[in-house]
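Everything on this sheet refers to the single structure shown next.
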Amino acid sequence: MFVTGPFTQRVLLTIEEKHLPYDIKLVDLANKPDWFLKISPEGKVPIIKLEEQWVPDSDVITQTIEEKYPEPSLATPPEKASIGSKIFSTFIGFLKSKDPGDGTEQTLLSELTSFNSYLKDNGPFINGATISAADLSLAPKLYHMEIALGHYKNWSVPDSLSHVKNYMKTIFSMDSFVKTRALKEDVIAGWRPKVMG
């Protein structure tokens, strides 16, 4: 769907933050080549080759990288791993909504407000002072949220949620993030079918 969807960017961020060398092959998901379907029969991305083994699914990939390359550690304690995890689905609900009074905006705001409170007490990152796997999973989703809702709904994270805004600003300006993010116009084009559907 995207040149770099949030799940693919999560994997690239992990590799970048671990300072591992890598080669990237972009795949046209509308016209999947045979070599790709051989290694990923369901045609899903991301998929990564680690020590001659093809590993699918961003959850499995990032976990495998963490186990094989524990330094620098990006491990997130299990009790913090799901912080902010409902933001992405509530963003999609609001993005697809055709009815301003259906509560989808409020549901998203509620998730962002609870994340803001969490960061205020425990931040600046999900695991405190240092970035971890949970941030590398959430930040690309927030990036897509910011661009898609800004474009299609003229909506942005309210200034009152200053901890969320600072969190986004900090991570979005990291070298690894800038290097791996999708272009704004590609994010807009990627979400168009959800909005129009």
- Item | Given charges at beta-carbon only (K, R positive; D, E negative), |dipole| of the chain in Debye | 500 debye
- Item | If the convex hull is drawn through the Cα atoms of the chain, its volume per residue in Å³ | 126 Å³
- Message: Given the options 19, 166, 129, identify the residue whose Cα lies farthest towards the positive end of the charge dipole of the chain (+1 on Cβ of Lys, Arg; -1 on Cβ of Asp, Glu).
- Response: 166
- Task: State the extension gain, in nm to one decimal, for the chain segment bounded by residue 24 and residue 57, taking 0.36 nm per residue of separation less the distance between their alpha-carbons.
- Result: 10.3 nm
- Query: Quick one: Debye curve from the C-alpha atoms of region 111-197, no solvent, what's log10 I(q)/I(0) at q = 0.10, 0.12, 0.18 Å⁻¹?
  - Reply: -0.26, -0.38, -0.82
- Hey, got the dipole for region 52-126? About the Cα centre, +1 on K and R Cβ, -1 on D and E Cβ, debye to the nearest 20? 280 debye
- So the pair-distance distribution of region 4-71, from every Cα-Cα distance in 10 Å bins, comes to percents of 19, 57, 22, 2
- Message: Give me log10 I(q)/I(0) at q = 0.23, 0.27, 0.28 Å⁻¹ for region 70-138, Debye formula, one equal scatterer per alpha-carbon, no solvent.
- Response: -0.95, -1.14, -1.19
- Query: Going toward the positive end of the dipole of the chain, with +1 on Lys and Arg Cβ and -1 on Asp and Glu Cβ, which of 118, 63, 29 do you reach last?
  - Reply: 29
- Within the accessible area of the chain (1.4 Å probe), percent carbon and sulfur: 53 percent
- Too long for a 25 Å Cα-Cα cut-off, among 86/165; 32/98; 18/141, are 32/98
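The values are calculated or read from the model by the stated rules, or taken from the named source; none is laboratory data. Source: prediction; values computed, not measured. Cβ sites come from the backbone with ideal geometry, for glycine too, and all protein chains shown count toward neighbours. To get the accessible areas, we keep the full protein, side chains included, count just its heavy atoms, and leave off ligands, DNA and RNA. Shrake-Rupley method; radii C 1.70, N 1.55, O 1.52, S 1.80 Å.
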